[in-house]
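First up is the structure itself, then whatever we jot down about it.
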Amino acid sequence: MSTPLLEVSGLVKRFVARSGVGRRRIVEAVRGVDLTVAPGEIVAVVGESGSGKTTLARCVLALERPTAGTIRFDGVDVHRAGRRALAAVRRRMQPVFQDPYSSLDPRWTVDRSVREALDVHRIGTPAERAARVREVLERVGLPARFADRRPHELSGGQRQRVGIAAALAPRPDLLVADEPVTALDVSVQAQVLNLLHEIQRDLGLAILFIAHDLSVVEHFSDRVAVMYQGRIVESGATSAVFEHPADSYTQALLEAVPALR
Amino acid sequence: MSALLSAEGLSVRYRTPAGPASVVDRVDLSIAPGEIFGLVGESGCGKTTFALAAMGLLPADAETSGRVVFDGRDLLALDDEELRRLRGDRISMIFQDPLTSLDPTFPVGAQIAEAILVHRDVTRAEARRRAIELLESVGIPDAASRYRDPPHRFSGGMRQRVVIAIALANEPALVLADEPTTALDVRVQAQILALLRRRCDEHGTAVLLVTHDLGVVAEVCDRVAVMYAGRVVETGPAAAVLSSPAHPYTKALLAALPARTRQRGALEVIAGEIPDLVTPPPGCRFAPRCPVAHERCSDVPAMTALGDGHHGACWLLDGGPARAAASPVEEDGS
Amino acid sequence: MSAAGAATPAAAPRRLARRREGGTWSLRVGAGIVVALVLVAVCASVLAPHDRDAISATDVLGAPTPSHPLGFDEAGRDVLSRLLYAYRVSLGVALGSVGVALLVGVPIGLVAGFYGRWIDLLLMRPIDMMLAFPALLLSFVLIAVIGTGVRAAIIAIAAIFIPVFARVVRTAALTVSSLAYVDAARARGASNLSIMLRHVLPNAIGPALVQASILAGIAIQIEAAISFVGLGVQPPTPSLGVMLADGRNFLSQAPWLEIVPGCAIAVSVLGFILLADGLRGRLDPYGVSR
């Protein structure tokens with residue numbers, strides 16, 4: 001039993017929301033979540049808006065501080081780590097975001113965006129970084145000449161590929177993908193999903209895949225966790241959960257998916 | 001069987017810095033009274049532009065040609081005043097984002113009541129009563145007290161129900177719904193679609209449902225038209241089109257959906273990108289990406305009848321059913 | 001009501017189209033005027049046909065002649081030469097004050113907008129207080145403290161502008177800081193400083209540049225106002241405001257003494273406003289500048 005790459009234990013995250021005139025409300029976005037991702041595994045977290053899935057992803061990426069609980073990456077407590085340890089974790093865990101229109105800096109060229117992780121962690125010489133950028137752009141199916149382009153010259157699908165290239169550049173062990181295909185058209189979704197699948201297969205990456213589309217999840221993940229109002233109500237191997245959902249919410253979600261046949 | 005709404009050769013061109021873009025090109029379609037008609041396609045295919053054109057909501061610098069006949073009158077030929085009289089009364093529209101469709105400063109009940117008062121000569125009290133009735137009919141619990149609540153007190157799904165209530169306030173003959181459930185969760189989506197279906201069955205309202213989601217089409221639509229790059233490529237009864245797609249684009253679209261494939265990484269991909277609408281390909285606009293394109297595709301294909309109201313615009317269908325069966329791209333995940 | 005909702009998608013493309021069209025013309029004309037003014041100011045000593053300080057008793061309030069196209073002022077000096085130097089001074093005050101305000105205001109707004117929460121409050125409360133002061137009053141108060149002269153004028157006017165830049169940049173920085181690429185940079189390990197300088201600043205500075213042009217035009221007017229009342233640039237140093245002050249007593253005999261600096265101010269302000277308008281389409285997509 002190998003040590004999990006990512007281990008979330010008892011994660012709780014509360015926000016203070018100001019509603020109306022000076023009234024403070026505590027919002028419990030995540031109410032005690034346990035989750036593991038093994039090396040090379042694809043784990044999907046599915047939930048509707050307000051389920052806390054995005055907050056979960058942000059806590060894993062250390063963009064938010066948990067109110068309680070721990071998040072361990074390869075044994076390192078992400079939120080209590082010192083600067084050097086955290087930097088090492090950040091290099092091995094890369095994000096892919098949902099909105100292709102805001103996930104790239106509009107003033108940066110594709111090359112610079114893809115290189116960002118390499119520059120931040122000073123990986124390789126400038127020449128090596130440039131070569132890596134070309135390599136990774138090719139991997140995601142974008143021609144090398146795109147390196148000098150800016151985001152507004154690219155389509156949504158192309159931008160999302162650049163985002164994936166940027167995540168792959170530092171050779172991470174884990175991708176945390178927050179609804180990476182939701183904002184894309186069906187045919188483009190298919191391209192990006194195929195790409196992610198290929199990359200995962202070739203590089204042995206682990207992926208934590210946040211989604212709300214059950215059909216995408218069924219197609220893509222090894223294990224799935226269903227989130228509802230900040231808690232995981234059901235989790236297990238994808239085929240098992242989809243064929244024999246134990247929880248009533250999971251059943252309701254599955255029933256609601258518009259059927260194509 | 002006379003059509004409620006009939007588009008005849010509708011074309012819309014937008015002026016862009018690069019030249020005029022042919023966003024909708026010679027679209028013919030007709031919607032019968034009481035049916036839910038799906039207009040499906042990916043972003044940029046022109047489906048929203050079509051809906052806006054039908055309501056007379058296109059920007060002033062859009063050039064339109066062709067006709068959109070409703071109730072025997074060409075909507076494109078009407079002036080603003082006549083269109084205003086129709087909108088909200090005989091034809092109403094539902095947009096994707098309920099947050100921006102509702103005025104955040106007014107109670108929802110008042111917004112429904114106003115929609116009624118604009119078109120009907122009734123007292124305020126009567127309008128209020130009807131508004132509460134409508135709120136109940138769209139499934140908002142405790143309608144009488146929620147009448148006073150402003151939009152932000154409702155969840156996304158509830159807001160969309162309010163928007164639907166406003167759209168249905170004056171018993172329109174036709175509702176144009178532009179991606180009404182895209183911004184909503186799966187379960188709420190199912191409820192909203194069921195609500196629309198019920199209204200249509202009970203009141204005989206027709207719906208033009210513009211969507212990119214084939215699942216939605218399968219769920220509620222009676223008939224469907226598939227659009228690509230400004231043209232209708234296939235149309236017919238929803239069940240027929242989805243189970244036996246005739247046009248290569250429809251087939252490819254269905255094959256690209258994850259739900260239909262059991263194996264991983266085997267999603268069929270449509271190579272290439274949508275064409276530039278300023279200089280679209282001559283002939284069939286899907287030809288550059290079509291796996292079975294051939295020389296004849298450089299002429300615009302005509303709509304071929306395939307029986308039972310199912311039509312496809314593809315030269316491969318021209319030889320009749322035998323030709324269609326012989327085409328190689330047959331995706332069937334079983 | 002459905003019509004009200006319907007207004008949104010149709011109105012948007014129309015609005016966007018108009019903005020882009022107005023932009024190029026304004027940009028060209030505005031930039032042209034501003035560049036011309038700057039050249040004039042820089043090359044004043046070369047362009048001036050006569051010594052600006054040369055007094056001549058015989059030519060007092062003399063009418064325009066071919067060699068002195070703008071006539072003479074109350075001390076017999078050539079108005080044209082004085083005007084060119086006055087431009088240099090006024091433009092110097094305007095650009096200097098805007099420059100100082102940018103240097104101080106932009107970092108404040110950037111930090112406030114990026115970090116938000118209590119840092120935002122801490123930094124923006126004094127800024128808001130400064131904004132609440134009537135502009136001219138604030139500059140008079142400062143001048144009372146600092147004294148008069150060109151340097152004082154620059155500082156006094158800059159003080160008025162600092163809060164404006166801080167606010168504009170803060171708003172833009174708030175928006176930019178919430179975008180996914182900032183999260184991506186942070187998740188990839190970039191430091192806050194690096195994110196602020198490399199991601200937020202370049203994307204948030206646009207509205208500030210538009211604002212800079214607007215404020216440069218306003219600075220010209222403020223300089224004219226404070227110099228007019230004797231609290232800004234001090235004679236004999238010429239500035240547009242000083243020339244206005246000098247000429248006001250001679251409106252009936254030599255109206256050109258008022259008209260010339262007045263027109264000069266108007267043209268400068270026009271140039272800056274047009275430039276700002278032209279830049280706005282390109283640099284200020286969120287409509288943050290005021």
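The values are calculated or read from the model by the stated rules, or taken from the named source; none is laboratory data. Since this is a predicted model, take the numbers as computed values, not measurements. Neighbour counts are summed over all protein chains in view; Cβ atoms, including those assigned to glycine, are modelled from backbone coordinates with ideal geometry.
With respect to the conditions (1) surrounded by fewer than 23 Cβ atoms within 10 Å (Cβ to Cβ); (2) over 14 Å from the mean Cα position of the chain (by Cα), B:His212 falls short on a single one, namely (2). Residue under question is C:Gly217, and the condition is that it be closer than 18 Å to C:Ala135 by Cβ and touching a helix residue (DSSP H, G or I) at 6+ places or on another chain (Cβ under 7 Å); does it hold? It is true that C:Gly217 is closer than 18 Å to C:Ala135 by Cβ and touching a helix residue (DSSP H, G or I) at 6+ places or on another chain (Cβ under 7 Å). Checked against the criterion of being more than 22 Å from the chain's Cα centre (by Cα), over 27 Å from A:Thr36 (Cα atoms) and charged (D, E, K, R), the candidates A:Asp119, A:Asp105, A:Asp148 yield just one match: A:Asp148. Exactly one residue among A:Thr36, A:Thr67 is modelled with pLDDT of 90 or more and under 14 Å from A:Val226 (Cα atoms), and that residue is A:Thr36. Considering segment C:19-52, and only residues there that are more than 24 Å from C:Ile273 (Cβ to Cβ) and touching a Phe, Trp or Tyr at 6+ places or on another chain (Cβ under 9 Å), the residue that is surrounded by the most Cβ atoms within 10 Å (Cβ to Cβ) turns out to be C:Arg52.
Those helices (runs of 4 or more DSSP H) of segment B:226-334 in which at least 2 residues are touching a Pro at 6+ places or on another chain (Cβ under 7 Å), on the phi < 0 side of the Ramachandran plot and modelled with pLDDT of 75 or more, considering only elements entirely within it, cover B:248-255.
Check whether at least one residue in segment C:187-208 is part of a helix (DSSP H, G or I), more than 14 Å from chain A (Cβ to nearest Cβ) and under 15 Å from C:Leu102 (Cα atoms), and report yes or no. Taking every residue of segment C:187-208 in turn, at least one turns out to be part of a helix (DSSP H, G or I), more than 14 Å from chain A (Cβ to nearest Cβ) and under 15 Å from C:Leu102 (Cα atoms).
To keep it simple, each residue is scored yes or no on (1) more than 13 Å from every other protein chain (Cβ to nearest Cβ); (2) more than 17 Å from A:Gly52 (Cα to Cα); (3) loosely packed, with under 15 Cβ neighbours inside 10 Å.
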{"residue": "A:Glu218", "(1), (2), (3)": "no, yes, no"}
{"residue": "A:Val224", "(1), (2), (3)": "yes, no, no"}
{"residue": "A:Ile232", "(1), (2), (3)": "yes, no, no"}
{"residue": "A:Val241", "(1), (2), (3)": "yes, yes, no"}
{"residue": "A:Asp247", "(1), (2), (3)": "yes, yes, no"}
{"residue": "A:Ala252", "(1), (2), (3)": "no, yes, yes"}
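For segment B:30-133, the helices (runs of 4 or more DSSP H) that sit wholly inside it and include 3 or more residues that are touching an Asp or Glu at 6+ places or on another chain (Cβ under 7 Å) are B:108-119.
For segment B:38-46, the count of residues that are surrounded by fewer than 22 Cβ atoms within 10 Å (Cβ to Cβ) and either more than 21 Å from the chain's Cα centre (by Cα) or at pLDDT 90 or above (or both) is zero. In segment C:170-180 there is no residue matching the filter, namely being surrounded by 24 or more Cβ atoms within 10 Å (Cβ to Cβ), assigned to a helix (DSSP H, G or I) and within 18 Å of the chain's Cα centre (by Cα).
If you take the residues of segment B:190-215 that are closer than 27 Å to B:Asp25 by Cβ and modelled with pLDDT of 90 or more, which of them is farthest from the other protein chains (Cβ to nearest Cβ)? Looking at the filtered set, the residue picked out is B:Ala206.
Output yes when any residue across segment B:1-17 is touching a residue at least 24 places away in the same chain (Cβ under 8 Å) and within 14 Å of chain A (Cβ to nearest Cβ), and no when none is. No, that holds for no residue.
Only one entry in A:Leu184, A:Leu196, A:Leu203 is away from chain B (no Cβ under 11 Å) and of a type outside the set (Asp, Glu), namely A:Leu203.
Filtered by the rule that a residue be buried (at least 19 other Cβ atoms within 10 Å of the Cβ), free of Cβ contacts under 8 Å to residues at least 40 places away in the same chain and either assigned by TED's automatic domain parsing to the domain that holds B:Gln191 or in a loop (DSSP other than H, G, I, E, B) (or both), segment B:134-158 gives a lone residue, B:Ile140.
No other residue among A:Ala131, A:Ala169 is buried (at least 24 other Cβ atoms within 10 Å of the Cβ) and farther than 30 Å from B:Ala255 by Cα apart from A:Ala169.
If you check C:Ile146, C:Ile195 for being farther than 21 Å from A:Leu61 by Cα and among the β-branched types (Val, Ile, Thr), only one passes: C:Ile146.
Determine, yes or no, whether B:Pro151 is more than 14 Å from chain C (Cβ to nearest Cβ) and on the phi < 0 side of the Ramachandran plot. Taking the combined requirement at face value, the residue does not satisfy it. Residues that are β-branched (Val, Ile, Thr) and in contact with a strand residue (DSSP E or B) (Cβ under 7 Å, 6 or more places away or on another chain) were ranked within segment B:154-169; the one that is farthest from the other protein chains (Cβ to nearest Cβ) is B:Ile164.
Quick one: would you say A:Ala190 is aliphatic (A, V, I, L, M), within 16 Å of A:Arg139 (Cα to Cα), within 9 Å of another protein chain (Cβ to nearest Cβ) and buried (at least 23 other Cβ atoms within 10 Å of the Cβ)? No, not satisfied. Count of segment C:112-161 residues, restricted to those that are touching a residue at least 40 places away in the same chain (Cβ under 8 Å) and more than 25 Å from C:Ala172 (Cα to Cα), is 12. Restricting segment A:86-100 to residues that are surrounded by 24 or more Cβ atoms within 10 Å (Cβ to Cβ) and assigned to a loop (DSSP other than H, G, I, E, B), which is nearest to the other protein chains (Cβ to nearest Cβ)? Filtering segment A:86-100 for residues that are surrounded by 24 or more Cβ atoms within 10 Å (Cβ to Cβ) and assigned to a loop (DSSP other than H, G, I, E, B), the one nearest to the other protein chains (Cβ to nearest Cβ) comes out as A:Phe97. Taken over segment A:205-241, residues that are modelled with pLDDT of 90 or more and of a type in the set (Phe, Trp, Tyr) amount to 2. Only one of the numbered conditions (1) under 24 Å from the mean Cα position of the chain (by Cα); (2) among the aliphatic types (A, V, I, L, M); (3) buried (at least 22 other Cβ atoms within 10 Å of the Cβ) is not met by C:Val79, and that is (1). The residues in segment C:248-279 that are more than 30 Å from C:Val229 (Cβ to Cβ) and either modelled with pLDDT under 85 or surrounded by fewer than 23 Cβ atoms within 10 Å (Cβ to Cβ) (or both) can be counted, and the count is 2.
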